[in-house]
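Worksheet for the structure shown next.
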Amino acid sequence: MITCPYCFARVPRDRVAFRCVGRAGRGAGCEPVADEALGRHRGGVPPSLPPVFPVRRPGRRADCPACGVSTGRRVCPECHNQLPAEYCANPGKIVALVGAKGSGKSTYIAVLLHELMNRVGAELDASLVPCDDRTIERYKQDFARPLYGRNMLLSTTQSVVNAPLRDPLVYLLTRTVRGRLRSRTASLTLVLFDTAGEDLRSRDVTEPHLRYLGAADAVVFLVDPLELPGARSALSGTALARGGTLEGDPDSDPINVISRVTELLRRRDGDRRLTIPVAVALSKIDALRPALERQSALHRARAPLGALDLDDREAVHEQVRALLDEWQAGMVDRYLRQNYTDFSLFGLSALGGVPGPESVGPGGIRPYRVEDPLLWLLYRFKMLDGVRG
């Protein structure tokens, strides 16, 4: 089975379809037609493209039954989006990124991908390459150019009620795993998709637009600690002014978001405790670090070991659990323990400092532990070793 990374339909490998290459100049090939399936998925007028056709035994290529021209353009039979060749060849993992309104999902994605392409990628001996042109364009336009090019804060993720359906980001992560006798190359397709917090509140919006949760292999919840009432006493200066701005808004309460996602996941997995790996991360932790005790695990950076430090992971998990209790948000931990068999708590900062009203702070982008949730998931996916001591 293949899970389409665009419409998240589960497709048997023998049902993968192909799209004709079309006619170029006076050569052979089919004329374009209105693609109703792709139009329904994206919304708007159906695009005019060469036709899609099924085959009995899909391989890497197929001959169009109408014109006889060979094509390698494999597509999802449900939505007609083209399936990246890398995605068909490697096991895909869909990571759903969910967070309350204003928790910093877009900024987190932008910085995480930048770190995987640079510092963390070098540490893991890994490469991260986009699988399709839409991923390339969306990352440049929506993430890298404003944040890293102009040092401007990213706009809040728009609800699908007011904006077109967003494409997920599809990347191929490949790393060299060194063993005692020989090295091997391991590859994994990562599908990252973020959603606006308010989309989780409306059941009408949830049904058609959050199907990816039903196909997710892991979930990362971002929690904005500046919106936790119990953490207000630990804030000062600019951070104090930025916190509590969503007080009274149900979309800012992390337990509301987590419980709605859990409800959706139960439709897939039933009433037992869910086995899907779940990472819950306090974002913007830089604003609260000055108030933490000196020996706090959140005062030290992660050691670049090229593996998951299990001792460090457990120390940070317990520290965040204690902070949730201290900040009157201990119900988050209790709810997770009651509903999930595999979850871990994190503290991170994508920017590393309190930003200005519209731009990155004067210290620039200084990410802190932004990669921790993904490293834990790679360990869970058996793409990364765990070490102690």
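The values are calculated or read from the model by the stated rules, or taken from the named source; none is laboratory data. Just so it is clear, the structure is predicted and the values come from calculations on it, not from any experiment. Counting neighbours? That spans all protein chains shown, and the Cβs are built from the backbone with ideal geometry, glycine included. SASA here: full protein model, heavy atoms, side chains in, ligands and nucleic acids out. Shrake-Rupley method; radii C 1.70, N 1.55, O 1.52, S 1.80 Å.
Here the spin labels are modelled as points 7 Å beyond Cα on the Cα-Cβ line, and at Tyr148 and Arg366 they lie 2.0 nm apart. For the stretch 373-388, putting each phi into the Karplus relation 6.51 cos²θ - 1.76 cosθ + 1.60 with θ = phi - 60° gives couplings of x, 5, 4, 5, 5, 4, 5, 5, 7, 6, 9, 8, 7, x, 10, 10 Hz, in residue order, rounded to whole numbers and with x for Gly and Pro. The angle between the Cα long axis of helix 310-326 and the longest principal axis of the Cα atoms of the chain comes to about 60 degrees, rounded to the nearest 10. Measuring only protein heavy atoms, the 1.4 Å probe finds Val45 accessible over about 130 Å². For Lys140, the lysines whose Cα falls under 20 Å of its own Cα, not counting residues fewer than eight places away in the same chain, are Lys105.
How much of the accessible area of the chain, in percent, comes from carbon and sulfur atoms when a 1.4 Å probe is used?
48 percent
Under the rule a/c < 1.5 gives rounded, and otherwise a/b versus b/c splits prolate from oblate, where does the stretch 286-389 land using the Cα gyration tensor? The shape class here is oblate. For the stretch 57-73, backbone phi angles converted through the Karplus equation (6.51, -1.76, 1.60; θ = phi - 60°) give residue-by-residue couplings of 10, x, x, 6, 9, 8, 8, 5, x, 8, 10, x, 7, 6, 9, x, 8 Hz, Gly and Pro being listed as x.
Under 5 Å from the amide H of Gly352 lie the amide H atoms of Arg366, Tyr368, each residue being 5 or more positions distant or on a separate chain, with H modelled from the backbone and absent for Pro and chain starts.
If you count only protein heavy atoms with a 1.4 Å probe, what accessible area per residue comes out for the chain, rounded to a whole Å²? Before the final figure, lay out each step's value.
On the way: 18140 Å² over 389 residues.
That works out to 47 Å² for each residue.
In whole angstrom, the stretch 92-157 maps to an equivalent ellipsoid with semi-axes of 20, 15, 13, each derived as √(5λ) from the alpha carbon gyration tensor and ordered largest first. Placing R0 at 35 angstrom, the Cβ-Cβ distance between Ala28 and Val129 gives a FRET efficiency of 0.60 after rounding to 0.05.
Amide H contacts of Leu274: Tyr340, Thr341, each under 5 Å away and 5 or more positions distant or on a separate chain (H built 1.01 Å from N in the peptide plane; Pro and chain starts excluded). Under 5 Å from the amide H of Val11 lie the amide H atoms of Ile2, Thr3, Cys4, each residue being 5 or more positions distant or on a separate chain, with H modelled from the backbone and absent for Pro and chain starts. Normalised by the number of residues in the stretch 249-370, the mean separation of alpha-carbon contacts (under 8 Å, six or more apart) gives a relative contact order of 34 percent.
Can you tell me the orientation of helix 254-269 relative to the chain, as the angle in degrees between its alpha-carbon axis and the longest Cα principal axis, to the nearest 10? Compared with the principal axis, the helix lies near 40 degrees. Entry note, the chain: relative contact order of 15 percent, from Cα contacts under 8 Å with a spacing of 6+ residues.
By a 1.4 Å probe calculation restricted to protein chains, His299 has an accessible surface near 70 Å², given to the nearest 10.
Return a whole-number percent for the relative contact order of the stretch 1-118, with Cα pairs under 8 Å and 6 or more residues apart as the contact set.
In percent, rounded to a whole number, it is 25.
Just reorder Tyr379, Tyr6 by solvent-accessible area, largest first, 1.4 Å probe, all chains present.
Tyr379, Tyr6
In this structure Asp125 has an accessible area near 70 Å², from a 1.4 Å probe over the protein heavy atoms. Available extension along the chain between Glu263 and Thr176 is 27.5 nm, counting 0.36 nm per residue and deducting the alpha carbon span. Taking 0.36 nm per residue of separation and subtracting the current Cα-Cα distance, fully stretching the chain between Arg289 and Asp325 would add 11.3 nm.
Order the following by accessible area, largest value first: Asp132, Asp63. Probe radius 1.4 Å; ligands, DNA and RNA are ignored. Kindly include the intermediate steps, with their values, before the conclusion.
Numbers: Asp132 25, Asp63 100 Å².
If we order Asp132, Asp63 from most to least accessible, we get Asp63, Asp132.
For the stretch 29-177, the square roots of the Cα gyration tensor eigenvalues, ordered a ≥ b ≥ c, give a/c of at least 1.5 with a/b no greater than b/c, which places it in the oblate category.
DSSP bridge analysis restricted to the chain gives an antiparallel fraction near 55%, rounded to the nearest 5.
If you place +1 on the Cβ of every Lys and Arg, -1 on the Cβ of every Asp and Glu, and leave all else neutral, what size is the dipole of the chain about its Cα centre, to the nearest 20 Debye?
On the way: 54 positive and 45 negative charges, 301 e Å.
With Lys and Arg at +1 and Asp and Glu at -1, about 1440 debye.
Working note: Karplus 6.51/-1.76/1.60 with θ = phi - 60° gives the stretch 121-133 the couplings x, 5, 4, 8, 6, 10, 10, 10, 10, x, 9, 8, 5 Hz, where Gly and Pro are set to x.
Classify the chain from the C-alpha gyration tensor, please: rounded if a/c falls under 1.5, else prolate or oblate depending on whether a/b exceeds b/c. Provide the component values of the computation, followed by the final result.
Values: a/c = 1.89, a/b = 1.64, b/c = 1.15.
Because a/c hits 1.5 or more and a/b exceeds b/c, the chain counts as prolate.
The residue among Ala281, Pro373, Ile258 whose Cα reaches farthest toward the positive pole of the charge dipole of the stretch 247-389, with charges on the beta-carbon of Lys, Arg, Asp and Glu, is Pro373.
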